[in-house]
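The values are calculated or read from the model by the stated rules, or taken from the named source; none is laboratory data. In this text the structure is predicted, and so the values were computed from the model without any measurement. Cβ coordinates were reconstructed from backbone atoms using ideal geometry, including for glycine residues, and neighbour counts include every protein chain displayed. Ligands, DNA and RNA are excluded from the accessible area calculation, which covers all protein heavy atoms including side chains. Shrake-Rupley method; radii C 1.70, N 1.55, O 1.52, S 1.80 Å.
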Amino acid sequence: MNLRDRWEVGFRQLARLICRYRWLVIALNLLIALGLGSAAPRLTIDTSFERYLPEGNPKRTAFNEFRKQYGSNERLVITLRPAEVYDLEFLEALRSLHQDLEDNLPYVDEVTSLVNARRTYGTETSLISEDLMEDWPDSEEELALLRKRVEGTKLYRNIVISEDGAAAVIIIDTDVAAGGSGESISLEDEFGELTPENEASEPIEYGQPMSSQQVAELIDAANAVLKNHEDPDVEMHMAGLPLFADALGEMITIDSTLFVILSFLIITVLLIALFRRVAGVLLPLVVVLFAVSSTLGAMAHVGMPLTAVTQILPSLLLAIGVGDAVHLLSVFFQRYNQGDSREDAIVYAMGHSGLAVLMTSLTTAASMASFNLTSLQPTIDLGRAAPFGVMMALLYSVILLPALLAVLPIRRLSAERQKSQSLERMDKILLGLGHFGSRHPWPVIGGTALLWVVAIAGASHLHFSHSGMAWFPEDAVVRVDMEAINEDLGGGNPFEFLIDSGRENGLHDPAFLTALEEMQSFAESVKVESIFVGQSISILDIVKETNQALHEGNKEFYRIPDDANLISQEILLFENSGTDDLEDVTTAEHRTARMMVTVPFVDALYYPDFSAAVLEGFRSILKEHGLNDISVDVTGMLTLAGETFDLLLVSMARSYSLAFTLIAILMILLIGNLRLGLLSIIPNLTPIVFALGLMGWFDVPLDISTMLLGSILIGIAVDDTIHFVHNYNRYYRQTGSSERAVELTLLSTGRAMFFTSIVLSMGFFVYMGATLSNIVAFGWLNGLGVLVAFSADVVLMPALVTLVASKSEWTRE
């Protein structure tokens with residue numbers, strides 16, 4: 001008895017045990033499903049940039065340290081473009097909106113606008129920092145003075161007023177420690193809602209990122225306030241990374257629900273067409289619903305959220321999981337209708353298809369597990385949750401399904417009812433395709449080679465991208481607002497450069513500040529593709545502003561003092577002038593300077609090049625000034641976005657390599673022959689090459705979603721190959737004829753292969769109804785890839801085995 005025969009005997013024995021203890025098996029499976037699935041309602045959504053990088057990533061760790069010092073770095077930017085900014089009526093409306101935002105938004109650390117922008121000036125005895133509009137203008141003369149002050153102050157430009165002076169700006173800096181709705185916030189309750197914390201709670205640490213629920217609360221409150229201040233004569237836009245994250249989370253919620261509903265309906269219709277009986281429809285649905293709920297519940301148990309990547313998981317598991325049940329039920333109903341007893345039909349089905357179902361589950365799980373080698377947290381999450389879901393579907397298919405078959409009332413179909421012209425027509429088509437491959441192997445192989453050449457030519461045009469805003473439709477509010485603010489302000493998203501002087505009060509050194517001035521000027525001049533600098537802010541602005549204020553506002557003194565002691569005295573005066581703004585640009589010991597450089601929100605592809613160009617220039621300037629011991633680094637949300645892009649290529653290579661290696665090993669073990677095992681990989685690589693070629697020809701970028709298709713496709717495509725090879729082995733040993741073995745294989749398992757391929761392709765095509773373009777591309781590419789994989793298995797695989805198979809090769813163990 002060879003190894004495959006031993007496995008088949010083992011599955012038959014397992015089926016006997018399940019039938020004997022069917023009620024116990026059902027009860028245990030229900031307990032598992034309920035224990036895991038009960039946590040599914042607690043599943044959260046996380047669309048933050050830091051979530052893309054795993055904990056321990058140096059860039060993420062550095063950013064977390066930065067937040068502890070300077071705050072969460074999550075801000076909203078609002079622009080208002082009236083007919084005239086310096087108008088008493090508009091300024092009153094601006095003040096009212098500013099106050100409402102301060103009073104009614106949760107998690108607000110500070111709101112900044114023309115109303116309270118810092119104005120620093122000196123008197124005979126002191127330095128004073130107060131709100132720009134501390135003395136409210138009430139005449140045209142005072143409005144003219146306000147305009148002059150604003151236009152003459154570089155610091156206001158693209159911070160509280162647009163570059164062209166036609167739009168007022170409101171900056172909302174947020175922090176969880178500020179509390180929600182006027183109260184501090186505790187952890188989420190078991191239903192995901194936020195609850196007021198009691199007085200004994202520990203204070204929330206400054207700089208903590210907001211959760212998705214907190215971001216949603218902030219955005220809902222901001223939208224409500226803006227709605228109350230709508231004015232048909234004022235063009236209003238709101239943007240910022242929290243708004244982007246909230247919009248992405250909303251799309252994930254809507255689209256994921258839509259995907260599951262459509263997938264469920266498609267599977268139900270196809271099951272009805274295939275089996276034409278209640279049990280044939282309900283039992284596979286029970287299996288996949290148990291698998292999906294168990295997986296989502298397990299994710300909630302371990303604190304793994306849904307992300308822009310893992311949102312595909314529920315509908316993906318529905319499509320993948322139904323295949324195991326279909327293959328087992330197809331053989332069961334066939335034997336049961338032929339007169340076998342219920343138990344004998346179950347035992348035969350398990351012996352016939354159990355090993356193939358096990359191997360397909362292992363290969364699919366292995367391909368999904370390859371995402372664990374990536375360096376991106378959402379794909380790592382997929383690499384953990386998807387294999388778990390696939391194995392849960394296997395558990396429910398080979399354990400729960402036979403037990404349910406043993407207890408449910410199932411009628412035998414008469415010979416008349418078993419006949420179906422559509423199914424008979426399907427068998428003829430499948431046999432025709434198989435015969436064509438068997439009888440014309442070289443033309444089939446030549447056609448496949450031509451397809452590879454064309455696809456590889458297309459794949460040579462592939463390019464990478466990570467442009468989250470481009471995923472949204474062009475008319476989506478979040479995209480329109482972000483593009484408007486990019487145009488008005490040059491963007492409102494900051495890179496954070498940290499220049500460490502290496503010693504306490506090192507920022508008081510005129511030589512250091514002179515170099516910093518040159519660095520800040522250089523940063524403002526850097527342009528990389530569509531990235532340019534809208535504004536830059538550092539301690540340098542405070543030093544020069546204070547020096548000018550202490551010299552009666554004379555513009556000639558908007559410069560760095562030459563004496564370190566004088567700089568120290570002026571900084572001390574500023575600290576005591578009634579503002580805490582110094583905390584935003586340096587550490588308490590005045591050792592490290594923070595330079596915030598705002599840029600547009602564009603494709604993250606360009607962020608690493610921009611920050612690298614700035615850092616290179618900074619280090620060159622420091623070297624020219626003989627300040628070689630000063631260190632400079634960059635952090636911020638955009639740095640994390642850039643790091644995500646940098647890791648895409650490495651992650652893709654690792655994932656594809658591991659998936660291919662694992663599946664090749666499993667195929668060789670299943671077939672028992674090295675040469676034929678490797679040969680069987682060709683039909684499974686064909687859909688991947690095809691999909692990558694389509695991406696190149698149709699200018700679809702490789703991003704965090706489309707990079708998944710290679711590992712997913714090979715894991716799915718290999719399933720039909722395994723069922724084909726597994727049955728071909730059996731029938732070839734029985735008949736000694738390759739063509740006859742192909743015929744019997746397609747007649748016994750061809751329908752199930754066709755059905756599962758249609759379910760999978762339709763399961764992917766439903767993603768074309770998504771709002772986000774990256775998910776749409778992921779859907780149609782994988783859907784077409786699955787159809788190509790099926791074609792390769794019923795046409796190319798018969799051609800290959802006809803050319804190389806001999807009885808000794810296919811029976812060798």
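A Cβ distance below 6 Å, combined with a sequence gap of six or more or placement on separate chains, defines the contacts here; from the stretch 244-261, residues that are more than 13 Å from Val477 (Cα to Cα) reach no residue that is of a type in the set (D, E, K, R) and open to solvent by 60 Å² or more (accessible area, probe 1.4 Å). Would you pick out the residues in the stretch 463-489 that are out of contact with any Pro (no Cβ under 6 Å at 6 or more places or on another chain), part of a loop (DSSP other than H, G, I, E, B) and surrounded by 16 or more Cβ atoms within 10 Å (Cβ to Cβ)? The answer is His466, Ser467, Phe472, Ala476. For the residues Asp135, Asp173, Asp164, the requirement of being within 21 Å of Leu80 (Cβ to Cβ), of a type outside the set (Phe, Trp, Tyr) and open to solvent by 50 Å² or more (accessible area, probe 1.4 Å) singles out Asp164.
Working carefully through the options Ser711, Ser631, Ser651, Ser657, find the one that is at pLDDT below 80 and either on the phi > 0 side of the Ramachandran plot or polar (S, T, N, Q) (or both). When all the criteria are applied, what remains is Ser651.
Number of residues in the stretch 56-77 that are among the polar types (S, T, N, Q), farther than 29 Å from Val480 by Cα and either under 21 Å from the mean Cα position of the chain (by Cα) or buried (at least 18 other Cβ atoms within 10 Å of the Cβ) (or both): the value is 3. Exactly one residue among Ser651, Ser611 is hydroxyl-bearing (Ser, Thr, Tyr), crowded, with 20+ Cβ neighbours inside 10 Å and under 25 Å from Ser72 (Cβ atoms), and that residue is Ser611. Answer yes or no: is there a residue in the stretch 103-110 that is assigned to a helix (DSSP H, G or I) and either acidic (Asp, Glu) or surrounded by 21 or more Cβ atoms within 10 Å (Cβ to Cβ) (or both). Within the stretch 103-110, one or more residues are assigned to a helix (DSSP H, G or I) and either acidic (Asp, Glu) or surrounded by 21 or more Cβ atoms within 10 Å (Cβ to Cβ) (or both). A single entry from Val331, Val288, Val302, Val309 fulfils the requirement of being β-branched (Val, Ile, Thr) and open to solvent by 10 Å² or more (accessible area, probe 1.4 Å): Val302.
In summary, Thr120 fulfils each of the numbered conditions (1) part of a strand (DSSP E or B); (2) surrounded by fewer than 13 Cβ atoms within 10 Å (Cβ to Cβ) with the single exception of condition (2).
Each row is one residue, and each column tells you yes or no for (1) more than 30 Å from His435 (Cβ to Cβ); (2) outside any helix (DSSP H, G or I); (3) at pLDDT below 95; (4) among the aromatic types (Phe, Trp, Tyr).
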position	(1), (2), (3), (4)
Tyr767	yes, no, yes, yes
Ile775	yes, no, yes, no
Ala789	no, no, yes, no
Ala792	no, no, yes, no
Pro798	no, no, yes, no
Thr802	no, no, yes, no
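Within the stretch 545-558, being surrounded by fewer than 15 Cβ atoms within 10 Å (Cβ to Cβ) and closer than 18 Å to Pro510 by Cα holds for one residue alone: Glu556. Scanning the stretch 657-685 for residues that are more than 22 Å from Val794 (Cα to Cα) and crowded, with 19+ Cβ neighbours inside 10 Å yields Leu658, Ala659, Leu662. Across the stretch 35-55, the number of residues qualifying as surrounded by fewer than 17 Cβ atoms within 10 Å (Cβ to Cβ) and in a helix (DSSP H, G or I) comes to 2.
Would you confirm whether any residue within the stretch 624-635 is in a helix (DSSP H, G or I), of a type outside the set (Val, Ile, Thr) and surrounded by fewer than 23 Cβ atoms within 10 Å (Cβ to Cβ)? Within the stretch 624-635 (the criterion being in a helix (DSSP H, G or I), of a type outside the set (Val, Ile, Thr) and surrounded by fewer than 23 Cβ atoms within 10 Å (Cβ to Cβ)), the answer is yes, since at least one residue qualifies. Give me the residue from the stretch 370-391 that is surrounded by fewer than 23 Cβ atoms within 10 Å (Cβ to Cβ) and of a type in the set (A, V, I, L, M) and, out of that set, nearest to Glu50 (Cα to Cα). Among them, the one singled out is Ile380. Scanning the stretch 708-740 for residues that are within 21 Å of Leu451 (Cα to Cα) and either within 18 Å of the chain's Cα centre (by Cα) or open to solvent by 10 Å² or more (accessible area, probe 1.4 Å) (or both) yields Leu709, Gly710, Ser711, Ile712, Asp720.
Restricting the stretch 22-34 to residues that are touching a residue at least 24 places away in the same chain (Cβ under 8 Å) and surrounded by 14 or more Cβ atoms within 10 Å (Cβ to Cβ) leaves a set whose member that is nearest to the chain's Cα centre (by Cα) is Ala33. Here are the criteria: (1) out of contact with any Leu (no Cβ under 7 Å at 6 or more places or on another chain); (2) farther than 17 Å from Val599 by Cα; (3) among the β-branched types (Val, Ile, Thr). Tell me which single one Ile499 does not satisfy. Ile499 satisfies all of (1) out of contact with any Leu (no Cβ under 7 Å at 6 or more places or on another chain); (2) farther than 17 Å from Val599 by Cα; (3) among the β-branched types (Val, Ile, Thr) except (1). Within the stretch 78-95, residues that are open to solvent by 20 Å² or more (accessible area, probe 1.4 Å) reach partners that are in a strand (DSSP E or B) with beta carbons closer than 6 Å, at six or more positions or on different chains, in the pairs Arg81/Glu235.
Under the condition of being under 39 Å from the mean Cα position of the chain (by Cα) and open to solvent by 40 Å² or more (accessible area, probe 1.4 Å), the residues counted in the stretch 559-581 number 1. Report yes if Leu400 is at pLDDT 90 or above and over 26 Å from Asp46 (Cβ atoms), otherwise no. Considered against the rule, which asks whether it is at pLDDT 90 or above and over 26 Å from Asp46 (Cβ atoms), Leu400 comes out as yes.
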